[in-house]
Amino acid sequence: MKSWIDYWNGDHPIYVNERHKALHYRLLAADLASLVPDADALVLDYGCGEALAAELLAGKTRRLTLSDAAPNVREKLAARFAGHPRIAVLPDEQVLALPEASLDLIILHSVAQYVPREDFPGLIERLAEKLRDGGRLVVGDILPPDLPATTDALALLRFGFEGGFLMAAGLGLVRAALSDYRKLRADLGLTRYTEAEMLSLLEGLGLTARRLERNPGHNQSRMAFMAVKLAPLE
């Protein structure tokens with residue numbers, strides 16, 4: 001396994017059981033839906049993963065486009081949402097070929113940590129071109145440099161306690177420690193940002209940015225940011 005895309009393209013132990021996976025995506029979709037500006041919004045969820053609760057998010061939009069770099073994930077998404085009136089599934093190359101100023105909201109949740117630091121500004125810049133003036137970019141699940149793995153583990157156990165899968169969460173942490181995920185974290189690493197670094201990156205691309213009070217999902221030790229594309233001054 002040579003890359004994070006290879007990892008997400010196959011079977012992995014990130015979700016300890018089906019209940020964990022379902023609750024994770026339901027909470028995430030509800031939090032993201034609260035960030036949609038209005039019911040007429042055209043929204044892109046870039047790096048969406050399995051998006052099991054995408055209907056909840058799509059119900060707050062005029063159209064939701066899902067995209068994920070892992071071909072197997074994208075194939076399952078396309079099959080599940082085939083014929084859905086508000087959901088489209090596109091590969092990366094088609095997303096990056098969308099017309100400029102055609103979207104109201106772009107979501108990159110749990111994406112930044114898997115993108116090399118030198119590549120992330122270019123990705124943000126290309127996606128921001130798709131935003132209309134006043135459009136929003138949400139970058140979520142950002143890992144601070146000083147965030148230890150134990151904090152993520154405790155967040156999962158707390159989520160397991162609240163969601164009724166505490167024992168499975170404990171066993172899942174043991175499996176994860178023995179899995180390819182731990183080796184990939186050691187070999188490839190996870191890209192981390194301070195709050196100041198992420199704000200500087202976004203504002204350096206001409207966006208107005210702020211940190212959100214809540215990170216979408218269950219893990220509040222990670223950070224989320226909203227950046228707005230302003231109309232050029234005349």
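Structural remarks
- Share of Cα-Cα pairs in the range 1-119 lying beyond 25 Å, as whole percent: 20
- When you count the other C-beta atoms within 10 angstrom of each residue and take the mean per peptide, 210-219, 107-116, 142-151 line up highest first as 107-116, 210-219, 142-151.
- Förster-model FRET efficiency, 41 Å R0, residue 157 and residue 231, C-beta, rounded to 0.05: 0.35
- Oblate is the label for the range 62-110, because the ratio a/c of its alpha-carbon gyration tensor axes (a ≥ b ≥ c) is 1.5 or higher and a/b is not greater than b/c.
- Cα centroids of the range 80-140 and the range 1-39: 16 Å apart.
- Per-selection Rg to Rh, the range 110-210 - Cα, Kirkwood hydrodynamic radius: 1.06
- Just checking the listed ones, 167, 198, 223: in the Gaussian network model of the chain with Cα springs under 10 Å, the one fluctuating most is 167.
- Per-peptide average of other Cβ atoms within 10 Å, ordering 82-88, 154-160, 16-22 highest first: 154-160, 16-22, 82-88
- Charge tally in the Cβ shell below 14 Å around residue 126, where Lys, Arg are +1 and Asp, Glu are -1, residue 126 excluded: -4
- Sorting 11, 152 by accessible area puts them as 11, 152; the probe is 1.4 Å, largest comes first, and only protein heavy atoms count.
- Scattering curve values for the chain, log₁₀ I(q)/I(0), Debye with Cα scatterers, q = 0.09, 0.15, 0.16 Å⁻¹: -0.36, -1.08, -1.24
The values are calculated or read from the model by the stated rules, or taken from the named source; none is laboratory data. Remember, it's a predicted structure, so these values are computed and weren't measured experimentally. FYI the Cβ positions are ideal-geometry reconstructions off the backbone, even for glycines, and counts take in every protein chain you see. The area values use the complete protein model at the heavy-atom level, side chains included, leaving out ligands, DNA and RNA. Shrake-Rupley method; radii C 1.70, N 1.55, O 1.52, S 1.80 Å.
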